[in-house]
Amino acid sequence: LRCYLRDESSRLRRLRRFYEKVQALHQDPEASVDNPLLAFSLIKRLHSDWPNIIYSDEATSNTQALHAGLRELEQELPGAEDLDGAARALMRLQDVYALSVKGLARGVFQRAGHPPLYSPGRHTALSADDCFHVGKVAYDTGDYYHSIAWLEEAVSLFRLSYGSWNPEDRSSLEDALDHLAFSYFMAGNISHALSLSREFLRYADPSNQRVSRNVAKYKKLLETGRGARGRWDWQGCRGPPPPLSPLHAILCSSSSQPAPEQLLRLSCSYETNSSPYLLLQPAKKEMVWTQPYVALYHDFVTDAEAETIKGLAGPWLQRSVVASGEKQQKAEYRISKSAWLKDTADPVVRALDRRIAAVTGLDLRPPYAEYLQVVNYGLGGHYEPHFDHATSMKSPLYRMKSGNRIATILIYLSAVEAGGSTAFIYANFSVPVVKNAALFWWNLRRNGDGDGDTLHAGCPVLAGDKWVANKWIHEHGQEFRRPCGADPQD
């Protein structure tokens with residue numbers, strides 16, 4: 001685009017110089033056509049010079065070069081799936097962090113009556129066309145709760161700038177009114193759908209037959225007292241909340257404090273775990289929770305190690321999958337990219353395995369543990385509530401023939417500016433991202449049963465780029481390292 005603007009600017013400067021020269025000659029009262037030289041130059045200008053300028057191929061070649069440059073880059077540019085995914089990410093952040101759409105459109109990340117969750121150095125406002133696209137993504141999937149909120153903002157912004165035209169916009173006030181009216185109709189607010197449809201006919205296209213038929217339909221429904229049967233009964237412009245666990249949202253948007261009796265059992269310590277590997281540099285252990293057992297090891301990796309692991313995983317990142325019966329598949333409830341690293345990939349990965357074994361006291365030799373999974377959560381990246389251990393014998397985890405996942409260690413390879421906490425839903429606490437720290441918990445009780453209190457979620461990333469590394473350790477090989485307890489219920 002920069003090259004195109006440079007070439008077109010040069011062409012237009014030459015065109016302007018020609019125009020100014022010709023204008024000066026034609027307006028010169030001294031330039032009498034009695035002069036044969038002036039007469040000749042006038043005839044030449046009118047016969048060949050003007051057409052040469054008008055039919056120049058330079059403008060076409062400049063445009064062709066711009067298109068060719070775009071084609072070269074097209075494979076690297078975001079696609080429609082990326083754009084729609086980014087729109088859904090904004091709606092996810094809106095829900096989980098209870099953010100105002102009007103505030104988001106102004107670049108403010110704030111819940112009503114609370115200080116901003118995130119204050120960027122530079123506020124980025126959304127345009128009317130931006131808001132329309134987010135609303136359209138919701139509209140296309142029948143999600144009228146979100147489409148109304150975003151299309152309302154789009155209509156409001158389009159009204160403010162009505163009459164001005166942005167060449168990059170793909171929508172208009174008319175588009176926003178049309179989609180918003182139908183969203184309100186589907187939500188059961190017939191009177192507002194009628195009002196918006198009338199505005200469409202008044203300002204946009206009075207001859208639009210489809211919208212005219214809608215107006216007649218809405219009027220008839222209101223006259224007969226019949227609403228949209230089975231629709232939501234909205235009061236004004238508010239609908240039912242989206243399907244989201246209230247506790248999940250609360251844990252993601254605020255830091256929880258343990259109860260006083262829980263607090264008495266929490267501590268910080270230097271741990272060697274009877275391992276010679278930790279004698280000179282003990283692990284910095286913080287007990288986060290006791291049931292389930294969750295510990296945070298500070299400074300578990302160095303900045304250099306974190307960058308090495310991210311660099312190794314980067315070229316192999318793929319959209320993350322989840323276990324579904326006997327298969328693995330992509331799912332909307334896990335939005336991230338991940339890659340797997342063997343311990344032979346780099347000395348840093350091998351050293352990390354030794355460190356995990358020393359801290360946990362568990363056997364990480366194949367097949368007792370899985371490869372290191374490196375995960376990147378970008379815009380709105382999240383993982384809805386789930387267990388790490390298998391809850392069905394059909395799970396792909398059992399293909400390793402090493403039992404269920406007995407423990408998880410989650411290493412934070414980066415910091416985030418806001419969001420991204422790990423929330424334990426049933427236990428009712430969350431752990432914020434701590435760069436270079438490692439979060440450890442037991443997935444199974446000593447009797448081999450899954451611990452229901454380990455249901456956890458990766459909260460959406462509100463601002464920043466969240467990188468984590470997961471190590472899942474299986475129960476086989478740990479029989480003498482974490483033996484059964486005396487109590488069968490333990």
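The values are calculated or read from the model by the stated rules, or taken from the named source; none is laboratory data. Just so you know, these numbers come straight off a predicted model, no measurement behind them. Positions of Cβ are backbone-derived with ideal geometry, glycine not excepted, and every protein chain shown enters the neighbour counts. We work out accessible area using only protein heavy atoms, side chains counted, and drop any ligands, DNA or RNA first. Shrake-Rupley method; radii C 1.70, N 1.55, O 1.52, S 1.80 Å.
Does S195 satisfy the criteria of being within 37 Å of the chain's Cα centre (by Cα), farther than 17 Å from G135 by Cα and assigned by the TED database to the domain that holds G135? It is true that S195 is within 37 Å of the chain's Cα centre (by Cα), farther than 17 Å from G135 by Cα and assigned by the TED database to the domain that holds G135.
Before we move on, is D84 modelled with pLDDT of 95 or more, over 16 Å from P460 (Cβ atoms) and either surrounded by 13 or more Cβ atoms within 10 Å (Cβ to Cβ) or in the same structural domain as A187 (by the TED database) (or both)? Taking the combined requirement at face value, the residue does not satisfy it. If you go through segment 137-176 and keep only what is over 18 Å from V211 (Cα atoms) and of a type in the set (D, E, K, R), you end up with D140, D143, E152, E153, R159, E168, D169, R170.
Taken as a whole, the structure leaves G420 outside the set of residues that are open to solvent by 20 Å² or more (accessible area, probe 1.4 Å), under 28 Å from the mean Cα position of the chain (by Cα) and either over 16 Å from A295 (Cβ atoms) or assigned by the TED database to the domain that holds L117 (or both).
Need at least 2 residues that are closer than 26 Å to S127 by Cβ and open to solvent by less than 80 Å² (accessible area, probe 1.4 Å) per element, so show me which helices (runs of 4 or more DSSP H) inside segment 152-230 make the cut, counting only ones lying wholly within it.
Fully inside segment 152-230 and qualifying: 173-187, 190-203.
To keep it simple, each residue is scored yes or no on (1) in the same structural domain as L444 (by the TED database); (2) part of a helix (DSSP H, G or I); (3) under 14 Å from A313 (Cα atoms); (4) in contact with a Gly (Cβ under 9 Å, 6 or more places away or on another chain).
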residue	(1), (2), (3), (4)
S338	yes, no, yes, no
A345	yes, no, yes, no
A358	yes, yes, no, no
L362	yes, no, no, yes
R365	yes, no, no, yes
V375	yes, no, yes, yes
A390	yes, no, no, yes
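Evaluate segment 455-472: report whether one residue or more is open to solvent by 30 Å² or more (accessible area, probe 1.4 Å), among the acidic types (D, E), modelled with pLDDT under 95 and within 26 Å of V96 (Cα to Cα). The answer is yes, given that some residue of segment 455-472 is open to solvent by 30 Å² or more (accessible area, probe 1.4 Å), among the acidic types (D, E), modelled with pLDDT under 95 and within 26 Å of V96 (Cα to Cα). None of L352, L397, L379, L410 is assigned to a loop (DSSP other than H, G, I, E, B) and of a type in the set (A, V, I, L, M, F, W, C) except L379. Only one entry in G403, G380, G477 is out of contact with any strand residue (DSSP E or B) (no Cβ under 8 Å at 6 or more places or on another chain), touching a residue at least 40 places away in the same chain (Cβ under 8 Å) and surrounded by fewer than 23 Cβ atoms within 10 Å (Cβ to Cβ), namely G477.
Being modelled with pLDDT of 95 or more and more than 31 Å from the chain's Cα centre (by Cα) holds for only one residue in Y270, Y277, and it is Y270.
For segment 111-141, filtered to residues that are in contact with a Gly (Cβ under 9 Å, 6 or more places away or on another chain) and among the basic types (K, R), the residue that is farthest from Y184 (Cα to Cα) is R122.
Scanning segment 334-376 for residues that are open to solvent by 20 Å² or more (accessible area, probe 1.4 Å) and closer than 16 Å to D465 by Cα, we see that the one that is modelled with the lowest pLDDT is I335. Looking at V108, V101, can you tell me which residue is among the aliphatic types (A, V, I, L, M) and out of contact with any His (no Cβ under 8 Å at 6 or more places or on another chain)? Answer to the check: V101. Would you check which residues across segment 41-76 are under 26 Å from H26 (Cβ atoms), basic (K, R) and modelled with pLDDT of 85 or more and list them? Answer for segment 41-76, where residues must be under 26 Å from H26 (Cβ atoms), basic (K, R) and modelled with pLDDT of 85 or more: just K44. Hey, any hits in segment 22-34 for a residue that's hydrophobic (A, V, I, L, M, F, W, C), open to solvent by 80 Å² or more (accessible area, probe 1.4 Å), outside the structural domain of L126 (by the TED database) and outside any loop (DSSP other than H, G, I, E, B)? No, that holds for no residue.
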